[in-house]
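Step one of this worksheet: look at the structure below.
The values are calculated or read from the model by the stated rules, or taken from the named source; none is laboratory data. The structure presented is a predicted model; accordingly, all values stated were derived computationally and were not measured. Reconstructed Cβ throughout: ideal geometry from the backbone, glycine too, with neighbour counts over all protein chains shown.
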Amino acid sequence: MLLLASMLADAEEGRPLPQEARYIFGISENGSLKGYLFGSNHADFKTNPMVLDPCVKRKISDSGAVYLELDPDTLDLKSPRAKIDFSTSKILMNLSDVARQQIRKAYFGMRYDFIVRGAENIDPMMFLLSLYGANKYLSSLSENSLGGLDRQVSDFAKSSGLQVGSLETLEEQISAIGKVSLADWISMYEEAASLLASEQATREYAARTAKETGAYVEGDEEVLRNIGVMAGPHAAYWTSGFMSRNPVLAERISTNLKAANRPVFFALGAMHLGASGGVVDRLKEAGYAVERICKR
């Protein structure tokens, strides 16, 4: 669950050795290699530091251009020190007293001392989750961060002299998240607070997250295909925040592939790739062959 994950992410102490991420596909058309599709893990939680696998770096170097969902260097920071005003949040105002206390304890000690263009008209608690889940901003601001995989892809590509671009705009991502109803957001935060208040539920969630992280690192497609499927109020977030964006992402990938004379490297959140109706399925429907590479 995304909300609980964001609450627990910085709660643990210690920093194990980084794990090498290699969930990557080759994209071909009529037997000719056209590009690469890397399933990124946007989060850079202290308990699960990750780095790019050497094979993934080689594929970046072999490419003529690189595209992320949103390149962290393209963000238009309106005011790096502007505070997010949680007092205006309708979600927060409508939570139960217990849930509100849990949310304040979990979130408000974190360093969200910035805001970006396009976020003025969205509830701060909606935007807060998009910030943490996407990690486009924290990856470059966190003092203890390895940079997050998005940042690592961007930095490595640019250090290799490659053009780096974005498949989406921040406004498009915010718009998708904003389509989830206020009632569903309130339900999601209430559920997250309830789980956070239970030590057993927290331990069970941490164990599940560790298993899913291991599946991501190993590229276990069976697990990854269902990892983001959500029920209840989260189903609306899954549909609007993730699945609704896949057709456009796949179309933009195809457009860039057709315009290039060298392979193109794409890095998207892993949940966009393998789920039913995800980007991999849609590229296959468009006539591309999409196969896993860099397996151990």
Inset, instruction - With the condition kept exactly as written, say whether any residue in segment 190-199 is aliphatic (A, V, I, L, M), within 21 Å of the chain's Cα centre (by Cα) and under 18 Å from VAL98 (Cβ atoms). - result: yes
Legend entry - Inter-residue pairs, beta-carbon under 9 Å, first closer than 20 Å to ASN256 by Cα and of a type outside the set (A, V, I, L, M, F, W, C) and in segment 145-165, second assigned to a helix (DSSP H, G or I) and modelled with pLDDT under 85, 6+ apart: ASP150/PRO72; ASP150/ALA134; ASP150/SER139; SER154/PRO72; SER154/ASP73; LYS158/ASP73; GLY165/THR74
Inset, instruction - Could you please give the count of residues in segment 256-290 that are over 22 Å from the mean Cα position of the chain (by Cα) and either within 23 Å of ALA157 (Cβ to Cβ) or free of Cβ contacts under 8 Å to residues at least 12 places away in the same chain (or both)? - result: 10
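Which residues, taken from segment 235-254, are under 25 Å from ALA183 (Cα atoms) and among the aliphatic types (A, V, I, L, M)?
ALA235, ALA236, MET243
Let's see how each residue does on (1) on the phi < 0 side of the Ramachandran plot; (2) surrounded by 23 or more Cβ atoms within 10 Å (Cβ to Cβ):
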site: SER244; (1), (2): yes, no
site: ALA259; (1), (2): yes, no
site: PHE265; (1), (2): yes, yes
site: LEU283; (1), (2): yes, yes
site: GLY287; (1), (2): no, no
site: ARG292; (1), (2): yes, no
Inset, instruction - For segment 24-143, please list each of the helices (runs of 4 or more DSSP H) lying entirely inside it that holds at least 3 residues being modelled with pLDDT under 90 and crowded, with 17+ Cβ neighbours inside 10 Å. - result: 97-107, 124-134, 138-141
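Would you mind stating whether VAL248 is crowded, with 18+ Cβ neighbours inside 10 Å, modelled with pLDDT of 85 or more and within 19 Å of GLU69 (Cβ to Cβ)?
Working: crowded, with 18+ Cβ neighbours inside 10 Å: no; modelled with pLDDT of 85 or more: yes; within 19 Å of GLU69 (Cβ to Cβ): yes.
No, not satisfied.
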Inset, instruction - Among the residues of segment 241-257, count how many are among the β-branched types (Val, Ile, Thr) and more than 15 Å from THR169 (Cβ to Cβ). - result: 2
Legend entry - ARG292 vs. criteria out of contact with any strand residue (DSSP E or B) (no Cβ under 6 Å at 6 or more places or on another chain) and modelled with pLDDT of 85 or more: no
Inset, instruction - Only one of these is of a type outside the set (Val, Ile, Thr), free of Cβ contacts under 8 Å to residues at least 12 places away in the same chain and surrounded by 17 or more Cβ atoms within 10 Å (Cβ to Cβ): TRP185, TRP238. Name it. - result: TRP238
Inset, instruction - Give the residue that is surrounded by the most Cβ atoms within 10 Å (Cβ to Cβ), with candidates limited to residues of segment 200-210 that are over 18 Å from the mean Cα position of the chain (by Cα) and in contact (Cβ under 8 Å) with a residue 24 or more places away in the chain. - result: TYR205
